[in-house]
Every structure is written in C-alpha cells, then in structure tokens.
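Undergrad: Structure provided below as structure tokens; questions to follow.
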Amino acid sequence: MWSVKKLRRRDITVELSELMITDVQKVSLHWHPDEPLFPRAFAIANETYRSLYDCLYLSLAIAIDGQMVTADLKFYETLKTGPYGNRLLWVEDIPKSKG
C-alpha cells in the first residue's frame, strides 16, 4: 500500500498513515472496466511522459467526470498546472469527513 512506502521512507508518520487508511476504508468503491480507458490513457501517457498505469486512473477520472486522488508527488506536481490539473487531487487535500 502506498502509505507503507511513504512510511518506510519517513515521508509520513505512523499516525498519518493510519488516518489515511481509515479515510480510504470509508470510501464507497465502484468497479469500472479498464479496457475502454486504455486508448485515452495511452495518449495521456505519451503526451505527459507519465506511466500508463498512472494514466489509467487519470483516464478513469476523465471518463466519470471526477478526480484522481494521488499520493505520487512527482505525478501531481508535473500535471497539476496543465490540462489535467482539474482532474487531480493531492491525497492530503481530500476533504475531511464529519463522521
């Protein structure tokens, strides 16, 4: 899990990691087939020099008119000011729930 990687690198604290996991577990998840996402993801990957894997999530965000939450700072910083910036949300900027 990404929080474990950041924890090992000492980018985040154990407490923040546990809060992040708790927040993610509260999210309602929906399955989306990936095959229709590949053409756009491939185009975005070529355009931005980012990985196809990451661009699949960005392609999904576009397809569902939503945002991609990311903890990949390099990905976020590279794309946040371009045409895909409105589709990205930095993980620490997720609105806190009141529950």
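Undergrad: Under a GNM of the chain (C-alpha, springs under 10 Å), which listed residue has the highest mean-square fluctuation: TYR57, TYR76, TYR49?
TA: So, out of TYR57, TYR76, TYR49, the one fluctuating most is TYR49.
Undergrad: Which one is right for this structure if Rg and Dmax of the Cα atoms in Å is calculated from it: (1) 14.3, 41; (2) 14.5, 49; (3) 12.2, 37?
TA: Step by step, Rg and Dmax of the Cα atoms in Å for this structure corresponds to label (1).
Undergrad: Could I ask something else about it? Given the DSSP H assignment, sum -39500 (n - 2.57) over each helix run of at least 4 residues in the chain and divide by its residue total; what's the result at 222 nm in deg cm²/dmol, nearest 500? Intermediate values should be presented prior to the final figure.
TA: Working: 5 runs with 49 residues, N = 99.
When only DSSP H runs of four or more count, the value is -14500 deg cm²/dmol.
Undergrad: For LYS74, which aspartates and glutamates qualify as cross-link partners when the Cα separation must be under 20 Å and same-chain residues fewer than eight apart are set aside?
TA: Straight-distance partners of LYS74: ASP11, GLU47, ASP54, GLU92, ASP93.
Undergrad: Also, I was wondering about something else. Using alpha-carbon pairs under 8 Å, 6+ residues apart, how would you state the relative contact order of the chain in percent?
TA: Details: 73 pairs, mean separation 16.8, N = 99.
It rounds to 17 percent for the chain.
Undergrad: Okay, next question. Between ASP34 and THR22, what is 0.36 nm times their sequence separation minus the Cα-Cα distance? Round to one decimal in nm. Provide the component values of the computation, followed by the final result.
TA: Values: separation 12, 0.36 × 12 = 4.32 nm, distance 2.63 nm.
Working it through step by step, the gained length comes to 1.7 nm.
Undergrad: Cut-off under 18 Å on the C-alpha distance; same-chain residues fewer than 8 positions from LYS26 excluded. Which lysines are left, in chain and number order?
TA: LYS96, LYS98
Read-outs throughout are calculated quantities, based only on the coordinates presented, and are distinct from any laboratory measurement. These numbers were taken from a predicted model, which means no experiment stands behind them.
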